[in-house]
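Just below is one structure, and these are the notes that go with it.
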Amino acid sequence: MLVMRCLNRALRSGSYCRIEASIVGRIAVKPIVQRLSCRLHSTDWRVDTIERHFVQVGNEIKGLKRQLSNVWLRDSCRCPQCVQPTGQSSVDLSTLDLNVEAQSVQLNGDHLRITWSDGHRSEYSVTALNSAFEATSSKTPLTLWSQQHWQKHPLPTVPFQGYLTDDSVLKAALRHLLQYGFLLINQVPSTAAATQQVAERISFIQETFFGRLWEFTSNRAYNDSAYTTEAIGPHTDNAYLYNQAG
């Protein structure tokens, strides 16, 4: 109820919440639009500050602070327009507006409702967001990169043999994955066995109805766009499985 009173007071005053950046990467932050000190869930989480690109929440008990990105929230919308009946996302992250802003925010019980600057409306579970706060906690700074970034910096790359045998190289590889979201491993033999070695250096390979490892070529008999020569944009594989890949 305290959260409702705080947010209702803010909305009646004509102000609104704006949220963006940090989970997707570093983005310049403009001056604070509004400050609130409300509790999201019992006595654990509270809204510290709401800025142009992100909202910062704190947990007094655990001594934690989290910044929740607009882009991440917009991409995580689970409404029927954004998620297919199969559980696969319909949102093309490569075309998502990185400057998307929250025009209005309402919190009713466990339901957080946001109206975005692109006209879309999303609803989230506060409980699920709290879980996301924990899942996205990282001591490695995240970098939002662009073509211009890689014109000035080397691509995150490690050698195959070092990756397999040297824990310091493995540590650097995992840091690259966390910081940039991708990693290049050079000098890898073009065999299924080498691919398996790369995967199992990090973790076990999950069994699926396809098997552990499989190879395929263009074949429309499978009735799946992945088995064609058509371009496939950024997407989540196996979203219909309980334990998704990755």
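The values are calculated or read from the model by the stated rules, or taken from the named source; none is laboratory data. Not measured: the values here are computed from a predicted model. Ideal geometry is used to build each Cβ from the backbone, glycine not excepted, and the neighbour counts take in all protein chains shown. Note: accessible area is taken over every heavy atom of the protein model, side chains too, but ligands, DNA and RNA are not part of it. Shrake-Rupley method; radii C 1.70, N 1.55, O 1.52, S 1.80 Å.
Quick one: what are the phi-derived ³J(HN,Hα) couplings along the stretch 72-80, Karplus 6.51/-1.76/1.60 with θ = phi - 60°, whole Hz, x for glycine and proline? Along the stretch 72-80, the couplings run 5, 4, 5, 5, 8, 4, 10, 6, x Hz. So what's the net charge close to residue 122: Lys and Arg +1, Asp and Glu -1, counting the other residues with Cβ under 11 Å from its Cβ? Combined, the nearby Lys, Arg, Asp and Glu give +1. Among the protein heavy atoms, those of residue 113 account for about 80 Å² of accessible surface (1.4 Å probe, every chain in place). Once you put a point 7 Å from the Cα of residue 97 and another 7 Å from the Cα of residue 164, both along the Cβ direction, what distance in nm separates them? Here the modelled spin labels are 4.9 nm apart.
With the simple model of a label 7 Å out from the Cα in the direction of the Cβ, residue 219 to residue 84 spans 2.1 nm.
Modelled spin-label separation between residue 203 and residue 121, with each label point placed 7 Å from Cα along the Cα-to-Cβ direction: 3.6 nm. The residues packed around residue 169, meaning those with a beta-carbon under 13 Å from its beta-carbon, carry a net charge of +1 if Lys and Arg are +1 and Asp and Glu are -1. For the pair residue 151 and residue 212, a Förster radius of 25 Å applied to the C-beta separation gives a FRET efficiency near 0.05, rounded to the nearest 0.05. The mean accessible area for residues of the stretch 148-246, using a 1.4 Å probe and ignoring ligands and nucleic acids, is 74 Å² per residue.
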